[in-house]
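Enquirer: Just passing along the structure, written as structure tokens.
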Amino acid sequence: MPKYCRAPNCSNTAGRLGADNRPVSFYKFPLKDGPRLQAWLRHMGHEDWEPSCHQHLCSEHFTPSCFQWRWGVRYLRPDAVPSIFSPSPPAKDLPESR
């Protein structure tokens, strides 16, 4: 099953390049860390949503300080919280009823 990002307004999938011209990496939601999970969901604007163990956020939603590098591999720090999200597109005006 291909990985894709569950962030609102994000269409990143495995194999794409990120803003830093490196392949986008994917990170599971911290399901076993309640306070951190709530922080992730609050920053996403989805506080009432419950992610599954098969859902991910991509590296594009984390600042560079959220990562550590070992042997050329990008790892998410254990206290990292995503903070980069695109605003929702404006709702289209519905035509007025006559």
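Enquirer: What full-extension length gain, to one decimal in nm, is calculated for Y75 and T63 as 0.36 nm per residue of separation minus the Cα-Cα distance?
Expert: 3.1 nm
Enquirer: So how exposed is R36, as accessible area in Å² (1.4 Å probe, rounded to 10)?
Expert: Accessible area, nearest 10 Å²: 50 Å².
Enquirer: Explain nothing, just the number: relative contact order of the stretch 1-84, from Cα pairs under 8 Å at least 6 residues apart, as a whole percent.
Expert: Value for the stretch 1-84: 29 percent.
Enquirer: Right, another one. What list of ³J(HN,Hα) couplings, whole Hz, do you get for the stretch 38-55 from phi and the Karplus terms 6.51, -1.76, 1.60, once you set θ to phi - 60° and write x for glycine and proline?
Expert: 3J(HN,Hα) across the stretch 38-55, in whole Hz: 4, 5, 4, 5, 4, 5, 6, x, 10, 4, 8, 8, 10, x, 9, 6, 9, 9.
The values are calculated or read from the model by the stated rules, or taken from the named source; none is laboratory data. Please read all numbers here as calculations on a predicted model, not as lab measurements. These accessible areas exclude ligands, DNA and RNA; they are computed on the full protein's heavy atoms, side chains included. Shrake-Rupley method; radii C 1.70, N 1.55, O 1.52, S 1.80 Å.
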